[in-house]
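Presented below is the structure to which this report refers.
No lab work stands behind these numbers, since they all come straight from the coordinates. Since the model is a prediction, treat every value here as computed from it, not as a measurement. Cβ: placed from backbone, ideal geometry, glycine included. Neighbour counts: every protein chain shown.
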Amino acid sequence: MSAKTSSFWPTLCSVLAAIIFGFPIIYTILYHPVSRMASANPLYKELSKDAFMVMSSKVDLAAGRLVRFNDATGKLQISRIVGMPGDEIRFEAGVMSVNGKPTGEYSHLVLPDSSLSVPQQAVFYFPDFMSGANNSTNPRTLAGHLLADSSINGTVLYVFNNATSISTHPELSVYGTALIVVYGLVFFGLRKRKDDIVKPVYYLARINVGLNFVIWLLLGILGLSLGYQAIMPAIYYVFVSWLTFFGLTIGEAGGTLMAIVLFAVLAIFSDTEFAARRFKPSR
């Protein structure tokens, strides 16, 4: 038996809600956009003890960004992009420069004075080498720090730890909190449209959205109670990471998220009677 004409749009919106709002947890488990690997790498100022990274499987490269890749031995590495294609890299008297601008001093490194131009479809990466860090495993030539785009399998979106405060990223904290609120609105809004939605779709959407809602809410409460004030920005970035799975850049994912939130609220809480009249066949 076919569904009523008036139930088409609520059912379609429920399918979209199940996909968009129901799969971030599954994606997180499968693709690990949140990683504890940060605490094992002392070379970067962001990656302190008890730090977590929110990653995206979408490669969206820019100078200064931390990226994830496998080295020649197959070991997973995190490093910072210093130079993009076409940039001129020079190391002289312990000073690294990009296009003539100094980017850091590394007087303790065993690296000869040299220069190179970053080729297309590659980036130049270089660790921060924080004080006391072990650099014995790093290549001793500039060319040894070139990395093909195809070798990069993740982009670090956000790093958070106990030292991160809400005051540091107030807007992202608002986004993360608002996202949890929207989950609640979608979950309870689906209940409002129960009679207009095809039953299998309704229950699938409610279970998927409800499971995500409960997990995000518990993580938010637990994180804040333990002092992880950056848990809300992290939740927001996990959702952005999920959207990049569809091929969007990180910037496009953030804008798309705002559009999805608006669409979800309007679709679920729109006037049911108006919708019924709008799609009622004329006699």
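Observations
- Each 5 Å bin from 0 upward holds the following percent of the Cα-Cα pairs of segment 173-237: 4, 19, 24, 19, 13, 10, 7, 3, 1.
- Sorted by Cβ neighbour density within 10 Å, fewest at the top, the residues I89, I260, I231: I260, I89, I231
- FRET efficiency estimate (nearest 0.05) - Cβ-Cβ, L61 to L217, R0 35 angstrom: 0.55
- Here W242, W9 are placed in order of increasing Cβ neighbour count within 10 Å, fewest first, which gives W9, W242.
- Taking the number of Cβ atoms within 10 Å of each Cβ as an exposure proxy, the fewest-first ranking of M55, M258 is M258, M55.
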